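What follows is a single structure, written as structure tokens, with notes after it.
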Amino acid sequence: MHELRRSHNGLTDADPAELDQLFQALPPHINRAVKRLDHQGLLLEVVLDLGREPEARFPDHEVILDETPVTSEDLEFVSSRVGSFGDDNRAGIERTLHRISVIRNRGGQIVGVTCRVGRAITGTIDIIKDMVIGGKSILLCCASAPACWPMR
């Protein structure tokens, strides 16, 4: 396990109990590697791509979790432990905000899994409370997220 780069960011820590639920969905050797990481609460995602080294991504650096490339068995391990994947190739872990995304090849086989850490953002409703109560539409975006979610 080695760090690729590191700096600092203001992201809040993820809930340790919910992180553990995500870690349980990972193959044992990757689970052990993730649990050895410093600053687990700042973890953004774990990326498992077939034939590549498994990687943990943080706001300001990445960590290679194991020098052994990800196998089909590793991907199957994860996919068998999360909810069923929808048409959008996403699933979740029950009672958490975590999101698991898969990439499939043209034959429909899973060739990559990204396990994104879900975080609840507390104390921010006051900023938009008047608009929400007034029935206005709001578009929320997060700098570390790849998408925006409209709220009505």
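Quick notes on this one:
- Each Lys or Arg adds one and each Asp or Glu takes one away; over the other residues whose Cβ falls under 12 Å from the Cβ of Q40, this sums to -3.
- Compared with the direct C-alpha span, the chain from K136 to E53 gains 25.3 nm at full extension, assuming 0.36 nm per residue.
Readers should treat all values here as calculations from the given coordinates under stated rules, not as data from a laboratory. Bear in mind that the values here come from a model prediction, so they are computed numbers and not experimental data. All Cβ positions, even for glycine, are placed from backbone atoms using ideal geometry, and neighbour counts span all protein chains on display.
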